[in-house]
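In what follows, a structure is listed as structure tokens, so that the remarks can point back to it.
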Amino acid sequence: MKKYNVNEFNQVMRARTRNFAIRIFKMFSMLKLTEISRIPVKQLVRSSSSVAANYYSATRGRSEAEYYSKLCIVVEECDESIFWLDFLVEVGILSLTQAENLLGEGEELLKIFASIKKKIRLKRTQSN
């Protein structure tokens, strides 16, 4: 994996999180949904766009504490997005084939952000 400086990494991750949200939005904007199926789809659109918005906000943070706080939200929203993708497959709104790439990207993003969160938490506990 390529080594990035912080600014490059932030730009790459901003693009990945934004593209994750856009791909989800576009996928569902093309599907005809029943009233009941719109509910979990809206939840997925909200959580995936929240991943992107909160990561963007985290990188604009004024302090490490603010960055960590926003990153915690990113991790939660990413995890929720994976939940809703799984849920939509289980109830038959999406096929596994339709969801597979998005699930993979969601899992990768979650691992990256959870790892960063853990490193910051360890750094904080060691400095106290």
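Remarks
- Computed over neighbours whose Cβ is under 9 Å from that of Ser47, the net charge equals -3, Lys and Arg +1, Asp and Glu -1.
- Degrees between helix 6-29 axis and first principal axis of the chain (Cα, 0 to 90, nearest 10): 10 degrees
- GNM flexibility winner over the chain from Lys111, Lys70, Lys26 (Cα, springs under 10 Å): Lys26
- Shown for the chain: the carbon plus sulfur share of the solvent-accessible area, taken with all protein chains present and a 1.4 angstrom probe, equals 54%.
- GNM result for the chain, Cα springs below 10 Å: residue of Arg16, Arg38, Arg46 fluctuating most strongly: Arg38
- The mean accessible area for residues of region 6-63, using a 1.4 Å probe and ignoring ligands and nucleic acids, is 62 Å² per residue.
- Placing +1 on each Lys and Arg Cβ and -1 on each Asp and Glu Cβ, with no other charges, gives the chain a dipole about its Cα centre of roughly 640 debye.
- Centre separation in Å (Cα based) which lies between region 26-50 and region 94-128: 22 Å
- Residue (of Leu109, Val51, Val91) at the positive-pole extreme of region 39-114, dipole from beta-carbon charges: Val51
- Directionally averaged shadow of region 3-46, computed from the convex hull of its alpha-carbon atoms, nm²: 3.6 nm²
- Gain on full stretching of the segment that runs from Lys3 to Lys26 - 0.36 nm per residue minus C-alpha separation: 5.2 nm
- The chain: C-alpha gyration tensor shape, a/c 1.5 cut-off, then a/b vs b/c: prolate
- Relative to the dominant Cα principal axis of the chain, helix 96-127 is inclined by about 20°.
- The chain, relative contact order in percent, only Cα pairs under 8 angstrom and at least six apart counted: 24 percent
- Principal-axis tilt of helix 35-59 within the chain, Cα atoms, nearest 10 degrees: 20 degrees
- Partner lysines for Lys26 [C-alpha distance under 25 Å; skip if fewer than 8 residues away on the same chain]: Lys42, Lys111
- From helices alone, the chain scores -30000 deg cm²/dmol at 222 nm; the rule is -39500 (n - 2.57) for each run of n ≥ 4 DSSP H residues, then divide by the residue total.
- Here the 3J(HN,Hα) profile of region 80-88, calculated from phi with Karplus coefficients 6.51, -1.76 and 1.60 at θ = phi - 60°, is 5, 4, 5, 4, 5, 4, 4, 4, 5 Hz, Gly and Pro shown as x.
The values are calculated or read from the model by the stated rules, or taken from the named source; none is laboratory data. Only a predicted model underlies this, so the values are computations on that prediction, with no experimental measurement involved. Virtual Cβ from ideal backbone geometry, glycine too; neighbours counted across all protein chains shown. The protein model used for the area step is the full one, side chains on, heavy atoms only, and it has no ligands, DNA or RNA in it. Shrake-Rupley method; radii C 1.70, N 1.55, O 1.52, S 1.80 Å.
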